[in-house]
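Below you'll find the structure, written out as C-alpha cells, and then a few comments.
The values are calculated or read from the model by the stated rules, or taken from the named source; none is laboratory data. It should be emphasised that the depicted structure is a prediction, and the values quoted were computed from it without experimental measurement. Counting neighbours? That spans all protein chains shown, and the Cβs are built from the backbone with ideal geometry, glycine included. Calculation scope for accessible area: heavy atoms of the full protein, side chains included, ligands and nucleic acids excluded. Shrake-Rupley method; radii C 1.70, N 1.55, O 1.52, S 1.80 Å.
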Amino acid sequence: MTRALKLLWMIPILAPPDAAAQPLSPRNANYRIEVELDPEARTLTGRETITWKNLQPVEALDLRLHLYWNAWRNNRSTWLQEARLRTTGRNLAEPREGDWSSSEVESIRLIPDVGVPGIDLTAQARFEAPDDGNAEDRTLMVVSLPEPVPPEGVAQVELTWKSKIPRTFARTGFRGNFFFIAQWFPKLAVFEANGWNAHQFHAGTEFFSDYGDYDVSITVPAAYVVGATGRETDRREASGKTTYRYQQSDVHDFAWTASPDYLVFEERFEVSGLPPVDMRLLLQPEHLEQKDRHFHATAKALENYGKWYGPYPYGHVTVVDPAYGSGAGGMEYPTFFTAGSRLFNPFGGGSPEGGTVHECGHQFWYGVVGNNEFEHAWLDEGFNTFSTARTMDVTYGPRSYVKRYLNPRGAERLSGFLPVMFDDIEVDRVIGGDRLDSFREDATWDAQSTPTYKYFPATGGSHSYDKTSLWLHTLERYLGWEVLQRILSTFFARYRFQHPRPEDFFAVASEVSGQDLTWFFDQVHRSSNDFDYAVDSVKSEPVKFKGFAEKSGALVHSEEERKDLYRTEVVVRRLGAATFPVEVLLLFEDGTETRDLWEGKDRWKLYVEERSSKLRYAAVDPSRKLLLDLYYTNNSRLVEPGSTLPARKWASKWMIWFQDLLATFAFFV
Amino acid sequence: MSSLKAAFSGFGRVLASPALVLFLWLVNVLVAIPLAVSMAGSIEDSIGASLVHQNLRDGFDMGWYGEFAARAKGVEQTLSPSLVGAGAFFDNIEAWLNGRLFEMLPILVAGGVVYALLWALFLGGILHRYHDRRGLFRLSEFFSQGGEFFFRFVRLAVLSGFLYYLAYRFGSWIFGRIEEATLDVTVEKTVFGYVVAAALLVALLLTLVNMAFDYAKIATYRENRRSMILAALKGFRLVVGNFGRATLLYYGLGFAGVVLLGVYHVVAPGPGQASVPGVLFAFLVGQAYLVAKLVLRLTFYAGQMALYDSSGFDR
C-alpha cells in the first residue's frame, strides 16, 4: 500500500459548519455537491465529493453508486421493462425524444488527502445488474478501488457528471419551467456486513442509503425560486444566476426543486410537548386558496406522528406543491416533500390533505427510520399508510366520495378536471385509508416477506402499502391502540437514524406487547394466504321431538314441539387460507348473546344452543378486528332475512341512470 | 316566427299531448325494468341475510360496494356510488361527450341500440302528432305514421351516425393535440380552459349534426321525402339558411336542459331513504326529472316543427 493510500483511509470526516454538535446519525455517507441547472437544455452539470466511512467489520473492495436517471436512458432498462407490467400510469407509456434522461459520470477521482494528487478511477467504473443480469441497465455503477477500504476506514472520491433531465418519471424531472430534481446525483449504496446492498433501480421500489451530511450548492437562473432538503445557508448572485447553498445533517438523501412560478409562504408549527418546526410552502399560484389546507395537514402530521412515535428532529420542513401535470406529486425526501393538488379540490374529499399528511409522515417512516426500500418497502410505506389513515381519521373524519368528470378521450393525461363531491357517501378509514378495496384484488399475488423488488410490479404496491396498513390496523384493534402505539414508538426510538429490518420490528412487537406475535406475522407477512371468514348457515327453530320416547317404562311414539325452547344451529366457516382467532357472536331476540373466541384454524365450526329465545343473527368477528378479511358482508347472517328495501332502493337509483342512458342513445337517432 | 315563439309553441304542443309523453315515458320505463330487476336481484344476492342491509338501507356502504364491485359481472359492473342524485346524469353526459357511450358493456350498448331503434319507430308518430294536432293521441295512428317513416329514419340515423363518428374522431384528435401542445404547461387553469373549449366544440359539432338531422326528419315527414341524403342536405340547408333562429331555438332549449339538471342536482334526494315511502319518493323525483327531460326533448321536435311551419323558414 502506498503512503498516499494509507493516508486515504485516515481522512477525518469533516462535518458542515451548521451540523448539529451531537450527531443524530452515523453520518458515514457525506456529500458536498455543486450543481448547475440549464433550464433550456434541461441538463444538470455537477461535481460532488463523497466522503464515506466503512462502518462494517469487513473490507470494501469497491464502491457502488446508484445512477438512477439511467433508468430512463432507453427502453431496455430494467425499470422501463418492469414498468410495462404496471398499470399505475405514473410512467410515460410512449416517451418522446426529449423525455429520455441520462446520467453520465465524466470522471471519478480518489482523493487521498488535501494537497495529494487524486487517483483517477474513471477507467475502473463499470455497470452491474445484480438482480436480473440486464446488461443494458446502467443504474448501478461499480468502481473498483486500488486498495480495499478497511473497517473504520474512510474513502473520499470526487466525481463530475452531466445529466439530461427526464420529462417526469418516478416523480422526478421537468415540465416546462418546473423542475423537480430527485435521485439526481451519483449516490452510494449501503455497505453491510455481508457486502454492498446495492440493487438496480426497479419500477416498483424506491431507495436505500446511509445517513450523512449534505452540503449542496445549486445554481439556477436568477428568476427561479428554489426549495430543497435542508436549510438555505447562503445565496449568491452573479451573471444573471443565483447560487443557493443548502445544508443538512443526518439525512440519507437530498432533493430540490426550481421554478419561477412558486409562491413562498412560511409558518411555524408549535405544539406543546413537541419541538417547533419552521414550515415552508412552495405553492402554485393557482392553488393560493389551498395554502392553509397544506399548512394545516402538514401541522397535523407533525403533531400526530410526533406524539405517537417521537418528535420530528430537524426543526424545518419544506412542502412543495408541484406544477400541474408534472407527475412530481406525492413523494418524500428528507425535510422536503411534494404534496399535490388540483385546481378544483373540494374540502372534505381528502385531497390535498391525504397526500400532504402521507408525504409529511414519511419524514418519520423513511426519513428518521431509514429502512431498505428496495427490499422492505412495507416498513415505511405500510407504516406510513397506516399512520396517514389514522391521522386523517382523527383530524378530518371520514371523507366524502368524489368523482372527477371531464375526462377527454384520446388524451389520457388530461383527466378529471371537474370534481363532484357526494357529501352523503362516506369513505371511511378502512376503505379510504387502509385501501382494502385495492388490496382485495391483489391479495394473493405475493407474500409480503418477498423482497420488494421481486414483487409483481403491478400489484406490489398493495403489499407494501395496503396490506401493512390493514394488518397494523388489525393489530390496533387486536392489541388496542395504546399497545400498538407503544410498539411503534419503541421501534421508532430504537431504530431512528438506522436501517432496521423486518425482524427488528417483529421482535419489538412481541417484546412490547408481552406476547409472542410470531403466529400473526406468519399469517400476514410470511404468507400470501387470504383471509375470509363467513357465517355459512343459521337455523333457529322450536325444539321438536319425533320418535320413541320413554313413558311409564315403555317406548311410545311421540311428536312434540316446544314453543318455549329454540334450537339454534350456526355454522361458521373459514373460506380463506389464512387463519386468525375470531370472535363468534350469537345474538338472540331477547337481547341475550353468546360470544366465543374461535381459533379460526379449522375450516368450519358448528355452534348449537338450546334456549328460550330464538336467534336473531350470528356474526363472525362482529367488532371487525380482522381488517384483512376480504369479504365482510358474509360475516353476519340474520335468521329472518332483512328487508329487500336496500336492494330495491339501489336498483331504483340504477334504473334512473339506465333510463337516462337509454335516452342518451336516442339522441343519435 | 321567432325562436322564443317557436319554443313556446313547441312546448304547448307537447303539453297538449300528455298521452304521448306518458307513452314514451312508459316505454322508457318498461325497457329499463328487466335489467333493473336483474340489478335488484344481484344486489339482494350480494347482501344476502347480512347485517350490511341495514347500512344500505340507511345510506350507502362503501365497504359492501367494494366487495360487490370485486365480484361484479356484466351489468353489475355499472353500479356506482355516483348514481346518487344528479351524478347519474353527469355520468351519461360525460359518456355522451367523449363517445365512451359506445364502449360500454355490449349488453348496455345493445339495449341502447334497441331503444334508439324504438325511438326511430316512434319518430314518425311524434312528428305527426306535433304537426297535426287534431283529435286525441291514438296508438294506431301513432304507429301507422311511425311505421311509414321507420326505415327512412333508420337510414337517416346511419347517415347522421357517420357524422357523429367524425365528430368524435375530431374530438379525440383535438384532445390529443391539446395534450401534446400543453405538455410543458404548468398551470392547470390554462389546460382546463383549452379542454373546456374543445369539449364545447365537440358538443357544438354533435349538436349541430343533431339539429340538422332534426330538420331533416321534419322535412322527410312534411315533404314525404324518400332520399335521405337529400333530406339530410335539406336539414343542413335549413339550419344554414335560418341559422339565427334555428340555433337560438336549439341552444335555448339546450340551456333550459342545463338549468333543469342544475335544479335536479339541488333537489335530488341523496342515498338516505330508509323506508318504502322514502325510496318511492326518491324514485318518483328521478322519474319526474326524466319526464321533464323527455318533455324538453319533445319540445325540440315540436318547436322545430313550429319553426319549420312558420313563414319564410323553408324558402
- Enumeration of residues in segment B:41-67 that are among the hydroxyl-bearing types (Ser, Thr, Tyr) and either assigned to a helix (DSSP H, G or I) or surrounded by fewer than 20 Cβ atoms within 10 Å (Cβ to Cβ) (or both): B:Ser42, B:Ser46, B:Tyr65
- Note on the structure: Going through segment B:126-165 in order, the residues found to be open to solvent by 50 Å² or more (accessible area, probe 1.4 Å) and within 13 Å of chain A (Cβ to nearest Cβ) are B:Phe151, B:Arg155, B:Val158, B:Leu159, B:Phe162, B:Leu163, B:Tyr165
- Item | The one condition in (1) within 30 Å of B:Tyr165 (Cβ to Cβ); (2) in contact with a helix residue (DSSP H, G or I) (Cβ under 7 Å, 6 or more places away or on another chain); (3) surrounded by fewer than 17 Cβ atoms within 10 Å (Cβ to Cβ) that A:Tyr405 fails to fulfil | (3)
- Yes or no: A:Ser415 out of contact with any helix residue (DSSP H, G or I) (no Cβ under 9 Å at 6 or more places or on another chain), surrounded by fewer than 20 Cβ atoms within 10 Å (Cβ to Cβ), within 14 Å of chain B (Cβ to nearest Cβ) and assigned to a loop (DSSP other than H, G, I, E, B)? yes
- Query: Right, B:Leu20: more than 9 Å from chain A (Cβ to nearest Cβ), open to solvent by less than 20 Å² (accessible area, probe 1.4 Å) and part of a helix (DSSP H, G or I) or not?
  - Reply: yes
- Message: Just the residues that are modelled with pLDDT of 95 or more, in a loop (DSSP other than H, G, I, E, B) and not acidic (Asp, Glu), please, taken from segment A:116-141.
- Response: A:Leu121, A:Ala129, A:Pro130, A:Gly133, A:Asn134, A:Ala135, A:Arg138, A:Thr139
- Item | Elements of type helices (runs of 4 or more DSSP H) contained in segment A:459-562, each with 3 or more residues being closer than 30 Å to A:Glu82 by Cβ and open to solvent by 10 Å² or more (accessible area, probe 1.4 Å) | A:502-513
- Message: Cβ-Cβ distance below 6 Å, separation of 6 or more or different chains: which pairs start in segment A:295-319 with a residue that is closer than 22 Å to A:Gln248 by Cα and end on one that is assigned to a helix (DSSP H, G or I) and open to solvent by 30 Å² or more (accessible area, probe 1.4 Å)?
- Response: A:Gly310/A:Ala493
- Message: Considering only residues that are touching an Asp or Glu at 6+ places or on another chain (Cβ under 7 Å), part of a strand (DSSP E or B) and within 14 Å of chain B (Cβ to nearest Cβ), which ones fall in segment A:589-642?
- Response: A:Arg616, A:Asp629
- Item | Subset of segment A:422-438 (residues that are more than 10 Å from chain B (Cβ to nearest Cβ) and either assigned to a helix (DSSP H, G or I) or over 16 Å from the mean Cα position of the chain (by Cα) (or both)) | A:Arg429, A:Gly433
- Options B:Leu30, B:Leu51: the member that is free of Cβ contacts under 8 Å to residues at least 12 places away in the same chain and within 19 Å of the chain's Cα centre (by Cα): B:Leu30
- Item | Scope segment B:301-315; condition touching a residue at least 24 places away in the same chain (Cβ under 8 Å) and open to solvent by 10 Å² or more (accessible area, probe 1.4 Å); matching residues | B:Tyr308, B:Asp309, B:Ser310, B:Ser311, B:Asp314, B:Arg315
- Can you tell which of A:Lys539, A:Lys546 is away from chain B (no Cβ under 14 Å), among the basic types (Lys, Arg) and more than 24 Å from A:Glu375 (Cβ to Cβ)? A:Lys546
- Query: Quick one: which of B:Val279, B:Val295, B:Val285 is in contact (Cβ under 8 Å) with a residue 12 or more places away in the chain, within 11 Å of chain A (Cβ to nearest Cβ) and either among the hydrophobic types (A, V, I, L, M, F, W, C) or over 21 Å from A:Trp654 (Cα atoms) (or both)?
  - Reply: B:Val285
